[in-house]
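Student: Dropping a structure here in structure tokens format, bear with me for questions.
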């Protein structure tokens, strides 16, 4: 079964029924000469003892897709590259909010690049493919969703620009959404205005709709009937019991001024609650009690914002936490900057090297070299936790890429500054918006190192709490507001315009008017 539509400069083809037929849903997506196989598989039973939705997304680029043999001794694909990790996140983030609440069956998405034409990126076909595989499968999914990349060459917007066109573009925007709502945005830009960015999002919405319609056509032709899932969650009786026992304690905890005091009070309240309820019913699972407690806690935090017009740390909706900046604090580094905003703190260092220090990237499009790198580290002590010290995870790589994109627009040309630049951001404290603290701290360390950046860049994270028609927009969100809110919208820029943005939401999309606000 095959469906096809014109999508930008190429035809978008989605085919199913030929390959990977034992998956719950599988599609073969072709755009130009780039082909991605996307599959969706769900376990038959829900996973016990967890309080999160067990979704995993794997994106893989096969070197044979570009007619190449892998380097190295073993001559086969190894650990995921940074591009593969970032694209897996790009696929994961928009589909995660679109599964039913309480659905705890394991779901695994694979997006595998089988052919690459060297002109069209495979990330947009991967997102569309993941959505299409879920849509035609029997897995409960509230999609389909559409995706498009938008470029800006001169004053003209471009749909799914090629790699060559992106070199000339002042905007690289990936937008994902429903027919009339946006779910995810990811962009890098050369100081473009807010008005132009809004125009780009509006332009993207039209093409998102087109990529959804082709999936709906495929679903009508061969979509499976959706299963009725066994949804896991606290019973209404348990929820009411927990609410009666903890409401007053939660009010007191969220009146405490510091994050440490709040967390200690919440930890004691949670432990006492579990102990009390398990004495009354030994069969009661810890995960159910914790889920009910979190539900009551979420209501308290959102009620504080919506009804009391205040926030967990006492700020008004538009208030920014206290900021301090220092430079030159490390004697032997080329440049260093310490940026503190409330209880979020980034120590950024800049190191300069020669062209021999450039990073070599082995991509499907061929060998590339990178002279500006930004790495983000999030050690467990930054949030007062004990965890094994491992290499950077997907979140750390994603945050580093966002900050790197934010600063890339103001970096000097190689002709003007022929050095390799490596910036490292170590998060020393965190209570929300650590990636935006990274942008600010890295600007300080670059200037301290004498790198002639065009302008300073800063960043801030905006939040949203939406209940029906009641909407509150929050400036400079803290950890609890990120966790219990509906949106995390990070924006970076100079005094002239936007250099990067990233929007993720936990609801089924927001319209352009709300984005504009």
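No value in this document is a laboratory result; all are computed from the given coordinates. Since the model is a prediction, treat every value here as computed from it, not as a measurement. Note: ideal-geometry Cβ built from the backbone for every residue, glycine included; neighbour counts use all protein chains shown.
Student: Based on the alpha carbon coordinates of the range 323-384, what radius of gyration and maximum Cα-Cα distance (Dmax) apply, in Å?
Tutor: Looking at the range 323-384, its Cα Rg and Dmax stand at 15.8, 44 Å.
Student: Let me ask something else about it. Would you calculate the volume per residue, in Å³, of the smallest convex hull containing every Cα atom of the range 2-222?
Tutor: On the way: hull volume 31.3 nm³, N = 221.
Taking the convex hull of the Cα positions in the range 2-222, it is 142 Å³ per residue.
Student: Same structure again: From the P(r) of the range 396-437, could you give the percentage of C-alpha pairs in the tail past 17 Å? Walk me through the numbers before you get to the answer.
Tutor: Values: 345 of 861 pairs.
For the range 396-437, the share of Cα pairs beyond 17 Å comes to 40 percent.
Student: Give me the extension gain from residue 267 to residue 470: residue separation times 0.36 nm, minus the current Cα-Cα distance, reported in nm with one decimal. Mind dumping the intermediate values first?
Tutor: Numbers: separation 203, 0.36 × 203 = 73.08 nm, distance 3.06 nm.
Contour length minus Cα-Cα distance gives 70.0 nm.
Student: Just grab the label-to-label distance for residue 58 and residue 138, each label 7 Å out from Cα along the Cβ direction, in nm (one decimal).
Tutor: For the pair residue 58/residue 138, the computed spacing is 2.3 nm.
Student: Rounded to the nearest 500, what is the chain's calculated 222 nm mean residue ellipticity when only DSSP H runs of at least 4 contribute -39500 (n - 2.57) each, over all residues? Walk me through the numbers on the way to the answer.
Tutor: Values: 11 runs with 166 residues, N = 517.
Mean residue ellipticity, 222 nm, calculated: -10500 deg cm²/dmol.
Student: Length gain on complete extension for the stretch residue 213 to residue 165, per 0.36 nm per residue less the alpha carbon to alpha carbon distance?
Tutor: Working: separation 48, 0.36 × 48 = 17.28 nm, distance 2.66 nm.
Separation in residues times 0.36 nm, less the Cα-Cα distance, equals 14.6 nm.
Student: Which stretch or stretches of the range 460-489 have amide N atoms under 17 Å from the point lying 7 Å from residue 517's Cα along the Cα→Cβ direction?
Tutor: Answer for the range 460-489: 462-477, 485-489.
Student: Please give the Cα centre distance for the range 451-467 versus the range 1-34, rounded to the nearest Å.
Tutor: Value for the Cα centre distance between the two parts: 37 Å.
Student: Could you work out how far apart the two model spin labels at residue 79 and residue 496 are, taking each label as a point 7 Å from the Cα in the direction of the beta carbon, and quote it in nm?
Tutor: Going by the 7 Å Cα→Cβ label model, 3.9 nm.
Student: Would you kindly calculate the translational diffusion coefficient of the range 49-143, applying Stokes-Einstein with the Kirkwood radius from alpha carbon pairs, for 20 °C and a viscosity of 1.002 mPa s, and quote it in µm² s⁻¹ without decimals?
Tutor: Values: Rh = 14.7 Å.
Rounded, D is 145 µm²/s.
Student: Let me ask something else about it. Where the Cα atoms of the chain are projected onto their three principal axes, how long is each span, largest first, in whole Å?
Tutor: 65, 64, 49
Student: With only alpha-carbon atoms in the gyration tensor, what are the semi-axes of the equivalent ellipsoid for the range 361-456, in Å, largest first? Mind dumping the intermediate values first?
Tutor: Values: eigenvalues 133, 66, 21 Å².
In descending order, the three semi-axes are 26, 18, 10 Å.
Student: Moving on to the next point. Could you tell me, in Å, what Rg and Dmax come out for the Cα atoms of the range 251-339?
Tutor: In Å, with Rg to one decimal and Dmax whole: 19.6, 62.
Student: Still on this model: Got a sec? How would 254, 376, 64 order by Cβ neighbour count within 10 Å, fewest to most?
Tutor: 64, 254, 376
Student: Per the Kirkwood treatment, what hydrodynamic radius in Å, one decimal, follows for the range 213-289 from the mean inverse distance over all distinct Cα pairs? Display every interim value, and only then the final one.
Tutor: Values: mean 1/r = 0.0629 Å⁻¹.
In the range 213-289 this quantity evaluates to 15.9 Å.
Student: Would you mind pulling out the separation of the Cα centroids of the range 153-226 and the range 59-114, in Å?
Tutor: The range 153-226 and the range 59-114 have Cα centres separated by 21 Å.
Student: To continue, here is another question. Using all Cα-Cα distances in the range 323-516, what percent lands in each 10 angstrom bin from 0 up to the longest?
Tutor: 9, 33, 34, 18, 5, 0
Student: Quick one: work out Rg over Rh on the C-alpha atoms of the range 1-104, Rh as Kirkwood radius.
Tutor: Values: Rg = 16.7 Å, Rh = 16.5 Å.
That ratio equals 1.01.
Student: Calculate the all-directions average of the projected area of the range 119-213's alpha-carbon convex hull, and give it in nm².
Tutor: Mean shadow area of the hull around the Cα atoms is 6.0 nm².
Student: Taking the Cβ of each residue in 180, 92 as the centre, tally the other Cβ atoms inside 10 Å and list the residues starting with the fewest. Walk me through the intermediate numbers first.
Tutor: Numbers: 180 11, 92 19.
By the 10 Å Cβ count, ascending, the order reads 180, 92.
Student: Report the full-extension gain for the segment residue 308 to residue 275: residue separation times 0.36 nm, less the Cα-Cα distance, to one decimal in nm. Can you show the working numbers first?
Tutor: On the way: separation 33, 0.36 × 33 = 11.88 nm, distance 3.18 nm.
Once the chain is fully extended between residue 308 and residue 275, it gains 8.7 nm.
Student: Please order 114, 304 by the number of other Cβ within 10 Å, starting at the fewest. Working shown, then result.
Tutor: Numbers: 114 18, 304 21.
With the sparsest Cβ surroundings first, the list reads 114, 304.
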